[in-house]
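Notes follow the structure.
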Amino acid sequence: MPSLSEETDGAVTMLEPGSTIGIVGGGQLGRMMALSARYHGFKVGVLDPTPDCPTAQVADFQITAAYDSKDAIRELAERSNVITYEFENVDADALDEVRDIVAVPQGTDLLRVTQDRVNEKRFVNDHGAATAPWKEVNGYEELTAALETIGYPAVLKTRSGGYDGHGQRVLRSESDLAEVRAQNSREGFFPPSILEGFVDFAFEASILISGNGHDFVTFPIVRNEHRNNILHLTLAPATVSHEVARDAEALALRLARGFELSGTLAIELFVTKDSQVIVNELAPRPHNSGHYTIEACSIDQFDAHVRGIAGWPLPKPKLLSPAVMVNVLGQHVMPTRALIGEHPEWCLHDYGKAEIKHNRKMGHITVLTSDIDGTVRDLESTGCWSDLA
Ligand SMILES: Nc1ncnc2c1ncn2[C@@H]1O[C@H](COP(=O)(O)OP(=O)(O)O)[C@@H](O)[C@H]1O
Ligand SMILES: [Mg+2]
């Protein structure tokens, strides 16, 4: 049985090709991890409730069951040498229970921190990185009190389970607060939440860092543009000063060391007009804003994730070309497919999802370019993304 990073007489053994990586979650991130695992010679198993999910299409086997099924997690563990995950809402206790039979190189602390916005903010602040001012709020009275210190505008978010803007609302005035109160009394339930000060950012950015438990490598800081709270464009690299790039890299390294990171971690950032770098949220996995790395970097975020969890050494990623990544949501599938023949420069990725739904992430396109603004204009002028204009 191949072993993982076991110290034997000072020698570190690494996961050998031929070993099996089990992935919890079978969406597009799992699929791209699996593709990377495959060409490193690893076998891949996936746990996902949807038969023939995007990852299963490129994996060796699928366990078709709910993510939180303890039996299914145990079966995946028994059939794998290493377990990883493609999303953060994995049952950390269930993973802890199988750590005697399978390696979980990312550990579960990383999950426990990143699946709870309060734990996450605390961790980030404790490691010397700035966040928006925040307060934990567990009811209407606490919310009112928190607003006295934080002030309007502020963002109320559920502590866990949110994504693509779900589970959050911006409070701009007392009338928004009154609405929260009305909803709260209608539902008779106030979910554990966090109130954050609204950051008046110049733009949003992200930085990815990957580790193998002791060595860490960063990718360049990139700029992200969202529409309707969903990532629309990533521009790589972000046009930032040397100081901003240095600050982002330094905070990424502090967080990675704090986690003794294995695999890839994404750090969503706000960059303010006075060049402050503020952490928005963390994702303990490859990230949509890192898809550009597949074509644009010397090693991509999925390779770095796979090598990291396998205990392999990590080369420093180099940006080989500036790039623009645009998401293909359900409503963009048909228009973009119709234009494939006219755009040889489009590196098109389709995630193989069975059902096309509005706003569902179905694929993405990366364009390598020497003129980021011109490429963004070219993409928008196709009209494929006109619903987001
Ligand atoms: N404190 C904040 N100040 C300003 N904008 C925010 C704040 N928090 C979130 N946003 C906006 O909402 C988006 C989604 O919030 P985020 O916390 O990243 O949650 P999600 O898990 O939905 O991605 C962010 O990308 C940003 O555009
Ligand atoms: Mg986010």
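FYI, it's all coordinate maths here, none of it is from the lab. What you are looking at is a predicted structure, and each value in this text was computed from that prediction instead of being measured. Positions of Cβ are generated from backbone atoms using ideal geometry, with glycine treated the same way; all protein chains shown enter the neighbour counts.
At the listed q of 0.15, 0.20, 0.21, 0.22 Å⁻¹, the Debye profile of region 133-197, built from one uniform point per Cα, gives log10 I(q)/I(0) equal to -0.39, -0.72, -0.80, -0.88.
Beyond 13 Å, what percent of the Cα pairs of region 344-389 remain? Let's see the in-between values first.
Values: 672 of 1035 pairs.
Percent of Cα pairs beyond 13 Å in region 344-389: 65.
Our Cα-only numbers for the chain put the radius of gyration and Dmax at 21.0, 66 Å.
Report the rotationally averaged projected area of region 133-257 based on its alpha-carbon convex hull, in square nanometres.
Values: hull surface 37.9 nm².
Averaging across all directions leaves 9.5 nm² for the Cα convex hull.
Ranked by how many other Cβ atoms sit within 10 Å of their own Cβ, fewest first, the residues SER193, SER19, SER185 fall in the order SER185, SER19, SER193. One quarter of the convex hull surface built on the alpha carbon atoms of region 35-159 amounts to 10.4 nm², the projected area averaged over directions.
Ranked by the mean number of other Cβ atoms within 10 Å per residue, highest first, peptides 240-252, 41-53, 336-348 order as 41-53, 240-252, 336-348. Taking a ≥ b ≥ c as the square roots of the eigenvalues of the Cα gyration tensor, region 7-104 is classed as oblate, since a/c reaches at least 1.5 and a/b does not exceed b/c. Both radii are taken from the alpha-carbon atoms of region 201-388; with Rh as the Kirkwood radius, Rg/Rh is 0.97. Please state the shape class of region 229-307: rounded when a/c is under 1.5, otherwise prolate if a/b exceeds b/c and oblate if not, all from the C-alpha gyration tensor. Oblate is the answer for region 229-307, as a/c is 1.5 or above yet b/c matches or exceeds a/b. P(r) for region 34-86, from all Cα pairs and a bin width of 5 Å, is 4, 22, 32, 28, 11, 3 %, short bins first.
To the nearest Å, what is the center-to-center distance of region 322-358 and region 49-90, using C-alpha atoms only? Between the Cα centre of region 322-358 and that of region 49-90, the gap is 27 Å.
With a ≥ b ≥ c taken as the square roots of the eigenvalues of the C-alpha gyration tensor of region 68-122, please select rounded if a/c is under 1.5 and otherwise prolate if a/b is larger than b/c or oblate if it is not?
On the way: a/c = 2.54, a/b = 2.01, b/c = 1.26.
It is prolate, given that a/c is not under 1.5 and a/b is the larger ratio.
Taking the Kirkwood radius as Rh and the Cα radius of gyration as Rg, region 175-230 has a ratio of Rg/Rh equal to 1.20. Of all lysines in the structure, the ones whose alpha carbon falls short of 18 Å from that of LYS121, not counting any fewer than 8 places away in one chain, are LYS135, LYS157.
Each 10 Å bin, from zero up to the one with the longest distance, holds this percent of the alpha carbon pairs of region 295-364: 18, 36, 31, 15, 1.
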